[in-house]
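Okay, structure first, notes after.
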Amino acid sequence: MTQYVTEFGRDGRPAEPDGRLDAPAFHRNHQAIWTVLEKFLAGQSGDVLEAGSGTGQHVVYFARQNPDITWWPSDLSEAHLKSIAAWRAAAGLPNVRPPQRIDLSDPAWSVAAVDGGAPGKLLAMFCANVIHIAPWRVAEGLVAGAARHLREDGRLFLYGPFKRDGRHTAISNAVFDTSLRSQDPEWGVRDVGDVTKLAEGVGFRLAETFEMPANNLILMFERR
Ligand SMILES: C[S@@+](CC[C@H](N)C(=O)[O-])C[C@H]1O[C@@H](n2cnc3c(N)ncnc32)[C@H](O)[C@@H]1O
């Protein structure tokens, strides 16, 4: 397992007895990510889905910043779903829905109704540090799902390390990529061009790219 993955819950040990896990990367990146998201979400209302929420720390932090946005966390892992539920319960925020199991590799994934309600068409989708720690079909499922579920003016935000024009942007990303591929040949740091091509295939365009700390990017897609 890579450093990044084992950070979750300190090598699998729950950080709290209620199941809340702690990802050290969250503490390093959440404010910088929100600085980008808030440019588009400030003053807006609607539903935002987080795909691959991990511990659930991001969704709770973002929900605190804007009560008019309802956050829908999701993940595949049972331990992470439990952690998201525990962070949600501890925060007690009305604008965070219970987590739901969404497997992005399922080409027909959808957002289920919870607490008696289903989201409307989504204002945005946010996905951090997922598509390189997963087979390419997860990126395919994510982007296809964005095309199905986003509003006409909705946006898809992807955060993580990316290659540009086939080249790593930092040696640390190249090392990370090698480590990912050694664990699973289907994993690996993705190229902005490949992700953009995928998104263009379902009607999006890469509207903006944001340079983030620690050689990460946020790619923002919107409909053409
Ligand atoms: C490195 S963690 C990132 C978690 C969180 N987004 C963050 O930035 O802290 C990758 C997450 O992707 C989730 N994941 C992996 N494959 C997935 C899939 N097929 N569908 C949905 N989530 C998936 C994992 O369970 C894990 O929570």
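Which fully enclosed helices (runs of 4 or more DSSP H) of segment 112-224 have 2 or more residues being within 14 Å of the ligand (Cβ to nearest atom)?
Counting at least 2 such residues, we get 136-149, 171-183.
Considering only residues that are away from the ligand (no atom under 14 Å from the Cβ), charged (D, E, K, R) and not in a loop (DSSP other than H, G, I, E, B), which ones fall in segment 60-111?
Within segment 60-111, Arg64, Arg88 qualify.
Assuming Arg137 fulfils every condition listed in (1) closer than 20 Å to Gly201 by Cβ; (2) surrounded by fewer than 19 Cβ atoms within 10 Å (Cβ to Cβ); (3) touching an Asp or Glu at 6+ places or on another chain (Cβ under 7 Å) apart from one, which condition is it?
For Arg137, the failing item is (3).
For segment 182-219, which residues satisfy the criterion of being β-branched (Val, Ile, Thr) and either closer than 23 Å to His30 by Cβ or within 18 Å of the chain's Cα centre (by Cα) (or both)?
Val189, Val192, Val195, Thr196, Thr209, Ile218
Given the criteria charged (D, E, K, R), in contact with a strand residue (DSSP E or B) (Cβ under 8 Å, 6 or more places away or on another chain) and within 17 Å of Asp153 (Cβ to Cβ), does Asp47 qualify?
Yes; evaluated as a whole, the condition is true for this residue.
Among the residues of segment 23-38, is there at least one that is in a loop (DSSP other than H, G, I, E, B) and either farther than 19 Å from Leu150 by Cβ or modelled with pLDDT under 95 (or both)?
Looking for residues that are in a loop (DSSP other than H, G, I, E, B) and either farther than 19 Å from Leu150 by Cβ or modelled with pLDDT under 95 (or both), one finds at least one in segment 23-38, hence yes.
Out of the residues in segment 51-82 meeting the condition of being of a type in the set (Asp, Glu) and surrounded by fewer than 23 Cβ atoms within 10 Å (Cβ to Cβ), tell me which one is farthest from Leu37 (Cα to Cα).
Residue satisfying both the conditions and the ranking: Glu78.
The values are calculated or read from the model by the stated rules, or taken from the named source; none is laboratory data. Keep in mind that what you see is a predicted model, and the values were worked out from it rather than measured. We place every Cβ from the backbone using ideal geometry, glycine too, and count neighbours over all the protein chains shown.
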